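Single-structure report; data block below.
We did not get these values from a lab; they are worked out from the coordinates using the rules stated. Being a predicted model, the structure only gives us computed values, none of them experimental. Every residue, glycine as well, gets a Cβ built from its backbone with ideal geometry; the counts of neighbours run over all protein chains shown.
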Amino acid sequence: MAERRQSELGQVRVRGTQDGLLVQLPPDVPLPTMLGQVRSCIDGGGEFFRQAQLVIDYTDRVPNVEEIAALKALLGERGLALRTVTASVAEHRELLRAWGFTPLRVVARDPGQAGDGAPSTPVEGERTALYVRRTLRSGAAVGSDGDVVVLGDVNAGAEVLAAGDVVVWGAIRGTVHAGIDGDHTAVICALRLMPTQLRIGRIFARPPDQREVRSEGAMLARVHGGEIVVEPWRADRLAGR
């Protein structure tokens with residue numbers, strides 16, 4: 001875990017939020033390297049970035065006008081819009097405001113760290129989640145480096161990606177990928193499972209059979225024995241994860 005955290009400090013990261021896709025910049029990476037990482041994230045993201053509005057988050061990095069211009073040009077080359085630029089440090093947000101940007105509420109990145117330095121009390125088992133209160137129609141895509149909760153359906157042609165679990169209070173008819181960083185303990189839950197594709201970690205699910213389509217009540221997809229199994233949801237299935 002410590003090695004992974006150290007690696008993340010030098011990597012551009014992309015988070016799904018209600019304000020759009022948040023591109024978090026590492027604090028101490030040179031501009032050419034950082035631009036290359038952003039370019040790789042976008043080019044490797046496929047439909048995930050299609051027609052997206054991006055927020056650049058400088059985190060603890062010192063904002064720089066030339067950097068922002070270079071990032072904006074990179075996004076423009078790929079048909080993406082820069083919504084705004086934000087930062088974790090209060091002084092940096094004031095600097096961004098002076099340059100005409102509207103910094104957003106800071107999203108906590110570490111347990112116990114909240115926006116604007118406000119303290120928070122971590123709760124055992126607590127996880128961060130992107131909450132989406134709408135049906136995702138064809139062409140829509142959401143993603144998060146935590147869990148994703150959708151209050152609505154995921155229609156055919158829509159896509160959900162999460163580093164953690166995906167919970168859909170509705171039907172899954174589109175594509176859902178949980179555990180995108182290779183976490184095979186992630187789960188996918190929905191009231192109805194009729195997906196185009198399910199994926200957990202690096203494992204793809206087989207197409208649902210008629211029994212699964214007819215099943216009533218919440219369903220759970222999880223990895224068991226090296227494959228994805230779908231079964232009625234039971235809280236005890238998640239114990240000990």
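Tabulated data for the structure shown
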quantity	calculated
Residue exposure sequence - 189, 41 - by fewest surrounding Cβ within 10 Å	41, 189
Inter-label distance, nm, simple model (7 Å from Cα along the C-beta direction), residue 227/residue 138	3.1 nm
For the stretch 79-85, 3J(HN,Hα) per residue [Karplus equation, 6.51 cos²θ - 1.76 cosθ + 1.60, θ = phi - 60°, Hz, x = Gly/Pro]	x, 10, 9, 8, 6, 6, 10
Relative exposure of 131, 58, judged by other C-beta atoms within 10 Å (fewest first)	131, 58
Simple label model, 7 Å out from Cα along Cβ direction - residue 131 to residue 39, nm	4.0 nm
Debye, to nearest 20: dipole size of the stretch 129-238, +1 on Lys, Arg Cβ, -1 on Asp, Glu Cβ	320 debye
Integer Hz, Karplus 6.51/-1.76/1.60 couplings in order for the stretch 133-141, x for Gly and Pro	9, 5, 7, 8, 8, 3, x, 7, 9
Beta bridges per DSSP with both ends in the stretch 129-238, % antiparallel, nearest 5	30 percent
Inter-label distance, nm, simple model (7 Å from Cα along the C-beta direction), residue 98/residue 64	1.8 nm
Long-range HN-HN contacts of residue 141 with modeled amide H, under 5 Å	159
Added length on full extension, which subtracts the Cα-Cα distance from 0.36 nm per residue, residue 11 to residue 181	59.8 nm
